[in-house]
Amino acid sequence: MPIPVMMEGDSTSTGVAAQPDSTCASLIYFSSVSGNTHRFIEKLGIEAGRIPLRTKEETLQAQRPYVLIVPTYGGVSGKGAVPKQVIKFLNREENRNLIRGVIGAGNTNFGETYCLAGDVIATKCQVPHLYRFELMGTPDDVSRVYEGLEEFWTRQLQSRK
Amino acid sequence: MTEKVALLSHVEAINWNRIPDEKDNEVWNRLVNNFWLPEKIPLSNDVQSWNQLTPEEQELTMRVFTGLTLLDTIQGTVGAVSLIPDAVTPHEEAVYTNIAFMESVHAKSYSSIFSTLCSTKEIDDAFRWSQENENLQRKAQIILDYYQGDDPLKRKVASTLLESFLFYSGFYLPMYWSSRAKLTNTADLIRLIIRDEAVHGYYIGYKFQRGLEKETEERRQEIKDYTYELLYELYENEVQYTHDLYDGVGLSEDVKKFLHYNANKALMNLGYEAMFPSSVTDVNPAILASLSPNADENHDFFSGSGSSYVIGKAVNTEDEDWDF
C-alpha cells in the first residue's frame, strides 16, 4: 500500500533513509540528473527507492515486491532503450523475482520508442506495463498512478489468498 | 538584424576526455545517432497524394511549412548560436553547434518537400504569405527580441518555448494528413524533426534548470513569472495564428488542444508544472497515434479493469539491449 513519506535516495532528505544498497519500498525508480522522473516521484509522495545514478556504484536490492518506474530517452529503433543503471539493477535475479509491474516515462515525440524501456522490461520480466506518462507527469498522471498503484497492490494481495 | 550576436572572447581547446557534465556527452551522442538528411526520405512517393488535396488544402500545407521554415531558420542562425556564449562547459558549446546545424537541416527539408510537390510560383507565393502574415512575424519577433536581450536564463526559456511549443501549430497538419493516409512520407520526415526538437527542448531546458539552481529565491521567482508571462503572450498569438491557418478547414479547435498539450510539455522541460488542465489537452487520439503508436488509452492498465492487458510480443529487443 502506498505510504506518503519522504523518499529515500533524495539527497536533500536527512537522517532516516535506509542503506543505499537495500530498499523496503514498493516503488523503485531510475532518474537521470535531469530529474524528470525524480520530480514525478516527489509529486506522488510515495516512499520510493532510487537506483544509483552511476553504474559504478553498487546497485539497489529490493526487499519486497515493487513496481519499477523507468524513463526512456529517445533512441533510434529503440536500441539501448533501457538505461544501463536499470539493466544492472535487473540483472540481479533477486530483483527480477520481486518486480510486479513497470511504469514508463518518456515523450511521445520519440514516436515508436515512446516509453520503450517499459515495454522491454514488461516483456522480459513478464509483468504488465501499467502506465505511461510524459516528462515529469501532469497532475492527472500523478493522481492516476497514485490511485492505480493502491488498487494494483490491493488486487495483488487478494489474488494471493 | 540590427544587433550582433555576442561571441565568446576566450576559447580553450575542448577535451572530450574530461567531461564535467555527463549530460553533454549523452546528448551529443544521442543527436549524432539521430542524424538524418531529407534526401533519405522518398518524398516523391507523396506526389500522387498531394495531387488529391484540394487547392485550399495545398495552400494551407505550404503556408504551414513556410511558417515552420521561418522558426527553424531563426533557431539555426540566431537561437542556438545565441546560447553559446552562456555555455558553462565547452561540451555544451559543441552541443549547441550541433543543434544549430540540425535546425538548418530542418529548414532545408521544407524546401525539399516544396521542390518535390509544388511549382516555383506556388513556393514563392507561400514564402510571400509567411513574410506578410502578421501573427507569424510577431511570433518570430518576440523570440528574436529575447535572443538579443542580455539575460542568459531568459534566452534559454525563449529557446525552449520555441523548440517545445511554437512549432506545434505547424506540426499538427502533417500528423493530421498522415492519420488520413495522406502525405505519409512527408509525415515521416516531420516525425524526424519532431524527435530532434524533443531532444533540443529537453537539453536546453535541462541547462536552464542547472543555471536556475544557482540563483537567489527572488530571482527564481522573477524567472518563473517571466516564463509563464512569455508563454501566455506567445500562446495568445499562437491562437490567432492558428485561426488564420485552420479556420478555413475547420480544424482550429482541434489544433488548439494540441497547442495546450505541447505548452504543458514545454513547461515541464523547464522544470515547471503543466499550466493547462486535462479538460483542454485531450488531443484527438488520431493525432496522438500519428505521433506515437504507443500513446493511446489502450495502453493504460490503470484506467481499465486490467483484464484487457496482454503482454506485448511485438517488441523487437536486441540481445545486446539487455543481456542477463
Handout entry: Debye log10 I(q)/I(0) for the protein assembly as shown, one point scatterer per Cα, at q = 0.07 Å⁻¹
Key = -0.38
Exercise for the section: Sum -39500 (n - 2.57) across every DSSP H segment of at least 4 residues in chain B, then divide by the residue count to get the 222 nm mean residue ellipticity, nearest 500. Expected result: -20500 deg cm²/dmol
Fill in the blank from the handout: For region B:40-82, one quarter of the surface area of the C-alpha convex hull, expressed in nm², comes to 3.9
Completion exercise
For the protein assembly as shown, dividing by residue count, accessible area per residue (probe 1.4 Å) in Å² works out to 44
Practice task
Once you have the Cα-Cα distance between B:HIS243 and B:GLU12, take 0.36 nm times their residue separation minus that, and quote the gain in nm to one decimal.
Solution key: 78.3 nm
Exercise for the section: Check each of the GluC sites (Glu not before Pro) in region B:242-303 and keep only those in coil by DSSP with at most 16 other C-beta atoms within 10 angstrom; list them in order. Expected result: B:GLU273
Practice task
Provide the solvent-accessible area of A:GLU112, counting protein heavy atoms only and rolling a 1.4 Å probe, rounded to the nearest 10 Å².
Solution key: 140
Exercise for the section: Any chance you could list the semi-axes, whole Å, largest first, of the equivalent ellipsoid that the Cα gyration tensor gives for chain B, using √(5λ)? Expected result: 31, 26, 22
Fill in the blank from the handout: Rounded to whole angstroms and listed largest first, the alpha-carbon spread of region B:1-81 along its three principal axes comes to 55, 37, 18
Completion exercise
Share of accessible surface on carbon and sulfur in the protein assembly as shown, whole %, 1.4 Å probe and ligands ignored, is 50
Exercise for the section: For region A:22-74, report the translational diffusion coefficient in µm²/s to the nearest whole number, using Stokes-Einstein at 37 °C, 0.692 mPa s, and a Kirkwood Rh over Cα pairs. Expected result: 285
Fill in the blank from the handout: Between chains A and B, the summed loss of accessible surface on complex formation, probed at 1.4 Å and reported to the nearest 100 square angstrom, is 4400
Handout entry: Loop-located trypsin sites (Lys or Arg not before Pro) in region B:191-227 whose Cβ has at most 14 other Cβ within 10 Å (DSSP)
Key = B:LYS214
Exercise for the section: Taking all pairs of distinct Cα atoms, average 1/r, flip it, and tell me the Kirkwood hydrodynamic radius of region A:39-161 in Å to one decimal place. Expected result: 15.0
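The values are calculated or read from the model by the stated rules, or taken from the named source; none is laboratory data. Predicted model, so just to flag it, every value in this text is computed and none were measured. Because the Cβ atoms are built from the backbone with ideal geometry, glycine has one as well, and the counts that use them run over all protein chains shown. Remember, those area values only see protein heavy atoms, side chains included, never the ligands or the DNA or RNA. Shrake-Rupley method; radii C 1.70, N 1.55, O 1.52, S 1.80 Å.
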